Amino acid sequence: DHATSNNEAGTNQNSNEAAEWRKYHHLLHQFLLQFGHCNVPQGYGVGTHYEGLHRWCNEQRTQYQRMCRANNGNHNDTDIEASTMTPTRVRVLTGLGFVWGHPPSDFRPARGGSPHNAPTTKPYSTWDKWMELLSDYSSQ
């Protein structure tokens, strides 16, 4: 449920940061409903309420990487920055089809800044796809 996910996503977070997270999660969900994907192109929504959505998506990827580094156990604690990413947020974004790696380099918005030419597939958009790639790599 979208509303429940929004409430759970902000658990244990600074209230301003949690409110911003919920705001941009909602905008990403609207973007998904409109365009059928979560690959928000750079420069999308300038001058509208969507402005900053691309930056926020990149920040989620950064926070996810920090969370993974902090959880892998092979680090010096002083080298790891705190992450605002939580397992709940990962599940919520993954459920939307969020692309945790950067979108394909050939993805470009259509003229006018409207991202109608999304790839026909969502590469690396789900946990299962990542696990499949990891499994393929491990078997080599």
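The values are calculated or read from the model by the stated rules, or taken from the named source; none is laboratory data. Small disclaimer: the values here were computed from a predicted structure and weren't measured. Every residue, glycine as well, gets a Cβ built from its backbone with ideal geometry; the counts of neighbours run over all protein chains shown. Quick note on the areas: whole protein, heavy atoms, side chains included, nothing else; ligands and nucleic acids left out. Shrake-Rupley method; radii C 1.70, N 1.55, O 1.52, S 1.80 Å.
Structure notes:
- Region 18-29 residues that are in contact (Cβ under 8 Å) with a residue 40 or more places away in the chain, paired with ones that are of a type in the set (Lys, Arg) and not in a helix (DSSP H, G or I) (beta carbon under 7 Å, 6 or more apart): none
- Scanning region 1-37 for residues that are among the charged types (D, E, K, R) and within 24 Å of Ala82 (Cα to Cα), we see that the one that is modelled with the lowest pLDDT is Glu8.
- Matching residues in region 45-62 - criterion: being assigned to a loop (DSSP other than H, G, I, E, B), open to solvent by less than 50 Å² (accessible area, probe 1.4 Å) and among the polar types (S, T, N, Q): none
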